[in-house]
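All remarks here apply to the structure that follows.
The values are calculated or read from the model by the stated rules, or taken from the named source; none is laboratory data. Worth saying up front: this structure is predicted, and the values here are computed from it rather than measured. Glycine gets a Cβ as well: all are built from the backbone with ideal geometry, and neighbour counts include every protein chain shown. Just the protein is used for accessible areas: all its heavy atoms, side chains included, with ligands, DNA and RNA removed. Shrake-Rupley method; radii C 1.70, N 1.55, O 1.52, S 1.80 Å.
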Amino acid sequence: MLPTDDWLIMQTEQLHAENKRLQRCVRDLVGIMALPAIWVGSGPSRIAESLLDSILAMLDLDFAYLHLNDASGNRLLDVTRSSQWAGTVASPQELEATLARCRLGRTKEWPHRLTVDGNDIAILPVRLGLLGEIGLLVAGSRRTDFPRQTEALLLNVAANQATIGLQAAWQLSEQKRVARELDRRVEARTRELAEANEELLQRKLDFQLVVDAIPAIVWSSLADGRADFVNQHFRRYVGLSTEEARDWGWVGAVHPGDVSEFMENWRAILASGRSGEFQARLRRFDGEYRWFLLRAEPLADADGNLKWFGACFDMHDWKKAQDELRDAQAELAHVARATTMGQLTASIAHEINQPLSGIVTNASTCLRMLSAGQPNVTGAQETARRMIRDARRATEVVSRLRSLFTKQNTSVEAVNLNSAIQEIIALTSTELQRACVHLRLELSDDLPPVDGDRTQLQQVIMNLILNAVEAMSGVTDHARDLTIATERDGDGYVRVVIRDAGVGFDPTASEKLFRPFHTTKSHGMGIGLSVSRSIVEHHHGRLWAEANDGPGATFFVAIPSGADGEAMARQSQK
Amino acid sequence: MKKMAYVAVVDDDESVRESLPDLLREFGYEARGFSSAEEFLEADKVRQAECLVLDIAMPGMSGFDLQRELNRRERKVPTVFITAHGDEAIRLRVRRHGAVDCLLKPFSDTALFEAMKAALKQG
Ligand SMILES: Nc1ncnc2c1ncn2[C@@H]1O[C@H](COP(=O)(O)OP(=O)(O)OP(=O)(O)O)[C@@H](O)[C@H]1O
Ligand SMILES: [Mg+2]
């Protein structure tokens with residue numbers, strides 16, 4: 001039977017709508033993920049307001065309420081935001097009072113609905129922090145379908161992001177408090193000293209105290225490169241005492257793999273007598289290595305003796321981001337090599353290289369602005385904002401790419417997997433013979449049908465068979481056995497099991513196989529398994545791999561059977 | 001004080017046009033971004049750039065068109081091309097045609113810095 005035009009148009013429209021919804025969810029997620037970067041340096045109330053404004057608009061809520069504790073668990077603040085409608089039936093104070101009464105109970109015992117001025121409102125409470133020690137976020141809406149699954153997901157992610165942001169804000173205020181305390185002590189100390197001893201000695205001590213208070217890793221060394229001073233932050237960070245760090249002792253904190261290059265760079269700077277910088281990994285007191293930018297500046301004293309002053313900047317996260325960008329690019333370059341897709345990928349590469357270029361340039365600028373003698377924080381913030389914008393652009397390209405590969409026209413019918421498999425075997429039998437593969441079929445004869453798209457499911461099985469054949473192409477010391485079995489698993493799922501005797505894989509890395517663009521083949525694209533998994537998950541099923549006891553691998557596809565009442569219900573809900 | 005060299009960046013892509021001049025300024029140059037070859041030619045009548053960072057593929061006049069036009073006017077500006085379409089083959093071809101360098105997007109700050117130094121030495 002041929003589909004009519006109307007039917008096609010309807011299908012296309014449905015796809016568009018679905019696409020829109022997913023895009024919106026992804027966009028919202030990306031937006032939420034970007035929030036902590038925007039919050040850097042903000043206080044708790046700013047963060048609270050920005051969070052509530054974001055989710056109120058994003059999820060079309062009627063009200064959002066946030067209760068926050070301070071670091072010692074006492075009430076810090078309550079913030080409420082309402083939609084226009086909610087504003088007319090209840091004041092923020094009334095809502096807050098109703099919710100605050102509930103807050104004392106545990107989230108489990110919370111009501112799912114509230115009646116406000118005769119209106120029924122569905123509410124969803126989300127804890128901030130593992131035990132709610134940070135606070136509580138409550139979202140409410142008149143909509144009968146609230147909260148949808150994606151909305152609950154977004155709210156949980158938002159709560160997580162807020163927790164991260166608030167913890168950072170706490171830390172910041174704690175740091176400020178410590179800095180103030182230090183300031184106070186420096187002042188008091190300075191006054192004492194002024195009375196006792198006015199001249200030389202005082203200047204030296206002053207300097208040391210100030211340098212100790214600087215929240216950066218700072219050191220100085222003699223003309224030959226031996227350290228004669230490291231500040232408190234340095235000592236705390238690497239966990240060395242002043243004595244241990246003195247002379248060449250501090251080099252002990254450099255990553256063993258970086259030491260020789262480190263010394264080479266340092267000697268070159270010493271010999272040049274001019275300022276310079278280089279990168280190395282430094283060990284934190286807890287043993288973790290992080291990348292630092294080390295910058296050294298020469299300074300001659302009144303007698304013409306040269307001394308070196310330096311600072312180390314933590315550039316670990318930046319460097320990691322850059323490495324990840326490079327990997328992403330390598331993946332794309334790899335795709336470009338697959339000639340059939342060459343045309344398409346060249347244009348994707350172009351689309352993604354533009355924002356990547358912006359990101360890399362902005363990151364360099366940002367780092368320079370921050371590590372200048374007088375850090376340009378405003379400029380750096382602006383460049384960071386642009387990085388987020390460009391990263392979002394790149395993300396959009398990637399999600400377009402993904403939907404291109406997975407979203408074909410789907411149609412749902414009752415599929416008999418046994419006959420679907422037999423059709424595929426008929427298609428691949430010549431290929432199997434040529435590859436000297438011995439096929440064994442163990443098809444169950446009371447297999448219930450599954451609901452799904454027959455062509456897509458066949459594509460999955462085809463991918464798995466071809467992978468199995470390719471995995472056995474080099475096998476010479478035993479038979480190239482391929483078993484395809486179908487069975488019910490007792491939980492209302494139908495399983496297809498595809499077992500080969502090929503090269504197999506590292507059993508600890510079975511998830512790696514499903515990553516897009518992961519391949520070990522010179523002509524592979526590495527998307528077969530990734531697309532297959534998307535298709536199976538689209539059918540509410542699972543696709544996974546296990547290494548065999550003997551040689552080879554086994555791939556499992558599990559799909560809820562259509563005859564199963566529960567599975568049916570689950571499908572019709574969607 | 002030494003006069004700072006004035007560098008013009010011509011690229012239709014907003015991300016690049018915004019970020020590159022900032023980085024060049026961090027390097028100590030004076031820099032300005034233009035969204036098309038046409039816009040640059042207008043401005044160049046008023047103040048001449050000492051060096052040009054030029055995107056190859058742009059709507060309207062391409063980067064190559066602009067270089068040809070400048071040659072026709074006997075206005076010699078050392079040029080560094082940048083492109084997101086590129087591979088090594090393009091790079092060699094561009095260099096053979098007299099450009100200082102061709103950087104493939106995304107490029108590192110050091111690559112840019114080296115290219116700028118080479119360009120200004122030539123100019
Ligand atoms: N049956 C198998 N036995 C051992 N390794 C496998 C098997 N199936 C897949 N793999 C490993 O997983 C990788 C990814 O598989 P996938 O099908 O996604 O990509 P590909 O086969 O390399 O390329 P493409 O399917 O796009 O042509 C393969 O390159 C291979 O290393
Ligand atoms: Mg494959």
_What does the charge count around B:Ala99 come to, taking other residues whose C-beta lies under 11 Å from its C-beta (Lys +1, Arg +1, Asp -1, Glu -1)?_
+3
*Relative contact order (percent) for chain A, with alpha-carbon contacts under 8 angstrom and 6 or more residues of separation?*
7
*Once the dipole of the protein assembly as shown is set up with Lys and Arg at +1 and Asp and Glu at -1 on Cβ about the Cα centre, which of B:Val53, A:Ile535, A:Ala380 lies farthest towards its positive end?*
B:Val53
*Return, for the Cα atoms of chain B, the radius of gyration and Dmax in Å, separated by a comma.*
13.2, 41
*At a Förster radius of 22 Å, what calculated FRET efficiency corresponds to the Cβ-Cβ distance of A:Ala97 and A:Glu49, to the nearest 0.05?*
0.65
*In whole angstrom, note down how far apart the Cα centers of the range B:1-38 and the range B:70-123 are.*
14
*Percent carbon-and-sulfur accessible area, the protein assembly as shown, ignoring ligands, DNA and RNA, probe 1.4 Å*: 52
*In degrees, nearest 10, range 0 to 90: what is the angle between the Cα axis of helix A:342-371 and the longest Cα principal axis of chain A?*
20
*What is the range B:1-62's relative contact order, in percent, from Cα pairs under 8 angstrom and six or more apart in sequence?*
44
*the range A:366-518: relative contact order in percent, alpha carbon pairs under 8 Å with at least 6 residues between*: 19
*In whole angstrom, note down how far apart the Cα centers of the range A:1-78 and the range A:270-306 are.*
45
*When ligands, DNA and RNA are left out and all protein chains stay put, how many square angstrom of accessible area per residue does the range A:214-314 have with a 1.4 Å probe?*
52
*asked:* When a/c reaches 1.5 or more, the comparison of a/b and b/c decides; with that in mind, is the range A:16-174 rounded, prolate or oblate per its Cα gyration tensor?
replied: oblate
*For the range A:412-574, what is the convex hull volume of its Cα atoms per residue in Å³?*
118
*Do the alpha carbons of any pairs in B:Lys3/B:Lys76; B:Lys76/B:Lys117; A:Lys20/A:Lys512 sit beyond 28 Å of each other, and which pairs?*
A:Lys20/A:Lys512
*Sequence-distant or interchain residues sharing an amide H contact under 5 Å with A:Gly276, placed H: which?*
A:Ala296
_Estimated buried accessible area (total), pair A and B, 1.4 Å, Å² to nearest 100_ = 1700
_Candidate aspartates and glutamates for bridging to A:Lys319, where Cα separation is under 13 Å - those fewer than 8 sequence places away on the same chain excluded_ = A:Asp327
*Taking every pair of Cα atoms in the range A:274-314, average 1/r, invert it to obtain the Kirkwood radius, and report Rg/Rh to two decimals.*
1.16
*On a 0 to 90° scale, report how tilted helix A:5-39 is relative to the longest principal axis of chain A, with both axes built from alpha carbons and the result rounded to the nearest 10.*
20
*Name the long-range amide H neighbours of A:Lys307: under 5 Å, sequence gap of 5 or more, or other chain; modelled H, no Pro or chain starts.*
A:Leu299, A:Ala300, A:Asp301
_Quick check for you: with a 1.4 Å probe and neighbouring chains kept, what is the accessible area per residue of chain B, in Å²?_
50
_Positions from the range B:12-59 whose accessible area shrinks by 40 Å² or more when the full protein complex is built, not the chain alone, probe 1.4 Å_ = B:Asp13, B:Ser15, B:Glu18, B:Ser19, B:Asp22, B:Leu23, B:Glu26
*Only bridges with both residues in the protein assembly as shown count here: give the DSSP antiparallel percent, nearest 5.*
75
_Theoretical FRET efficiency, 1/(1+(r/R0)^6), r = Cβ-Cβ of A:Leu299 and A:Thr4, R0 60 Å, to 0.05_ = 0.10
_Using square roots of five times the C-alpha gyration tensor eigenvalues, list the equivalent-ellipsoid semi-axes of chain A in whole Å, biggest first._
55, 38, 21
